[in-house]
Structure formats: C-alpha cells, structure tokens
Amino acid sequence: MTVNMSNLISSELLRVIAPAKINLHLEVLGLRQDGFHELCMVMQSIDLFDEITFSKTKNGKIELICDNQSLTTGDDNLILKAAKLLKCSRRNKDLGAEIHLKKNIPIGAGLAGGSSDAAATLVGLNELWETKISEMELQGMAAKLGSDIPFCIAGGTQFCFGRGDVLEPFDQLNDSMAVVLVKDPSVAVSTPWAYSRYKELNGRNYFRFEEDFEKRRQLLRRADWANPIDLLNPLPLRNDLQEVVEPVTPAVQKGLKFLSSLNGAISFSMSGSGPSCFAIFANFAAAKIALEQNHEKLELLGLEAWCCSFRSKGVSLDL
Ligand code: C5P
C-alpha cells in the first residue's frame, strides 16, 4: 500500500480511514474445533468510517486517545491489542505511537467498528513505523485479533468463509448501490451471546463435515447476485443471527419495520449480530431521498440513521 502525502499531516503524522461493514449474507454452518462457528458470508464495506491518526513517540509508549467517552482506552481495546501485536512481532521496544481515534461508527452495532479500527492500526503503524510487514503477515495478525479484521483490511465486497477470516473476492455487485442504515443509540448486542443463543437453538442441526460446508459455499458462489435488481428480484440477503436477535430486541423490530416502509428499498436485513439494520438502494440518490422523506418518523422512533455508498476498499490511507 502506498502513502498518499495528504495523509501524512506532517512527516510523522498519518491519517487512516477505518470503514464499517454490513453483512449481505451471514449463514452459520456449524461449529469448528476451535469453538468458533463455521460461517459462509458476503461482507460489504460502506462509506461510514472512523478516522485514526498516528504519530510516533520516542519513549516506546503506545497511547490511545478517543473522542468518545463510552469507549475504553485500556488494554482490552482492540486498537492497543493490534499495536502491541505489531510491535512484539518486530521485537523493537523503541516503537511507540500516540493514536487519536475519531469515532463515527456506532459501538456494539454489528458494523465491525472495533475490528476496522484494529485493521487500520495494523496498516497505519506498519507505515508509520516502516516495519515493512507483508500484506500476508498483516492478514495473519488480523485473524489472530478477531474474525472480521482480515475483511476490514481487504474490504470492498468479499465472500468470507471459515471463522469469517478466509476471503475470496466477489465481483458480482453493482458498486453504485447504497444503504440506509438505522440503529437505536441506546441498544448494543453482545456478539458472543448471539452466537451462543443460535447454537442453543440450532446446534442439533449444524453441518458436521467439510464437504457439507463446501456445498453451501458453492451455492453462495453460484447465487445470482448480478441480475437486474428490483422489488420482484431482490438481493438474496440473509442473516441467521437475526432469527435469535430480532425476537428479543425491539430496536431491531422497529428498525426493520421502518426500513421496509421506505420507497425504493430493494431489500433489508440486520447486520452482523445487530442491532444495526440496513436497506439496500440502487444508488446513493435514492437512499438519500428515502432518508430525507422520513426525518420526523426517525425522530419519533428514536433511531439514528445514515445514508452510505458501497465502498470498494477497506482501511486506507486516503478516502
Ligand atoms: O472473532 P471475534 O472476537 O470478533 O468474535 C467474537 C465472538 O463471536 C467470539 O468470541 C464467538 O463467541 C463469536 N463468534 C463465533 N464464530 C465466529 C465468529 C465469532 O462463534 N466465526
């Protein structure tokens, strides 16, 4: 990845964009030996992003400063975990950084905000510290830190298999598409809870063999996403976790009902383990009009909303 000079605010200050993702398809196939679920997904980056700036420190300290008080900036923060993993891999105790996070992606929302911040940290510090770690090694570190982090580095539209960390390019979608995204700001969903509840309800029917996993992957690879899209032929959105989250989360019910009422919405679904929900539109203008027509309704429902384009890349040193 090359450094765009506009991101080097000074010779030692670097700005990185960390975009959110949505799940166009999230299918739970089974349980893996490592205790994680075997997944079959399509993920899509969108133009809602956190902004992170990195500057070198001379004392080897790594410090995180965030504009959002509800986020912990201690050792459990994924940004610090990513920075420390990168530093340890080089065994250089002098590598230090001050990291400023401007949080725009809602927290605990199913949009991979924390994962994308960690991905941006791996990519950003690799540039800032000039550690020259290959993309393959960065992807390995990303997978160690979290299942969605490899996708957040690569971004765009990808099939994500395994724990979510095995990526295959997906080039069938029209990248002029856009989403309206909604979230109740007072609600967050725990991802471990969503998966363990899903296992409680469906574990008996999980596939057990690799050949069965592969059959599902093949079906997803062959699904016809490229056909002209309209209300009679919507995108084949699917999210298995919605089955367990929606019934106990009024914010998701409210969000989906709102999205289903929007003019021009092609298809709608929950993202990740929720509670964010989204509707797909043919283009940004259609999504923007739908949102503008419904400002009062959103306020009454207590929902935050965003209108975002699909994005063709993940974390990046430029917009
Ligand atoms: O990998 P990550 O830390 O994002 O996962 C958060 C939690 O979600 C895991 O601890 C696990 O409970 C659940 N999970 C899972 N299978 C996956 C991904 C996540 O069970 N493939």
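The values are calculated or read from the model by the stated rules, or taken from the named source; none is laboratory data. Only a predicted model underlies this, so the values are computations on that prediction, with no experimental measurement involved. Heads up, the Cβs are rebuilt from the backbone with ideal geometry, glycines too, and the neighbour counts pull from every protein chain shown. Heads up: the accessible areas ignore ligands, DNA and RNA and are worked out on the full protein's heavy atoms, side chains in. Shrake-Rupley method; radii C 1.70, N 1.55, O 1.52, S 1.80 Å.
Brief remarks on what is shown
- Residue 165 of a type in the set (Asp, Glu), within 16 Å of the ligand (Cβ to nearest atom) and either at positive phi or surrounded by fewer than 22 Cβ atoms within 10 Å (Cβ to Cβ) (or both): yes
- Counting the residues of the range 132-157 that are away from the ligand (no atom under 11 Å from the Cβ) and open to solvent by 20 Å² or more (accessible area, probe 1.4 Å) gives 9.
- All of 194, 188 fail the test of being open to solvent by 60 Å² or more (accessible area, probe 1.4 Å) and closer than 29 Å to residue 306 by Cβ, apart from 188.
- Of all the listed residues (93, 56), the sole one being surrounded by fewer than 19 Cβ atoms within 10 Å (Cβ to Cβ) and touching a residue at least 40 places away in the same chain (Cβ under 8 Å) is 56.
- In the range 108-129, the residues that are at pLDDT 95 or above and open to solvent by 30 Å² or more (accessible area, probe 1.4 Å): 114, 127
- Per-region count, the range 178-205, residues within 12 Å of the ligand (Cβ to nearest atom) and not in a helix (DSSP H, G or I): 2
- Residue 63 being more than 30 Å from residue 174 (Cα to Cα), touching a residue at least 24 places away in the same chain (Cβ under 8 Å), more than 15 Å from the ligand (Cβ to nearest atom) and part of a strand (DSSP E or B): yes
- Looking only at the range 83-111, and only at residues there that are in a loop (DSSP other than H, G, I, E, B) and β-branched (Val, Ile, Thr), the one that is farthest from residue 18 (Cα to Cα): 107
- Number of positions in the range 1-40 that are exposed (fewer than 15 other Cβ atoms within 10 Å of the Cβ), of a type in the set (S, T, N, Q) and at pLDDT 95 or above: 1
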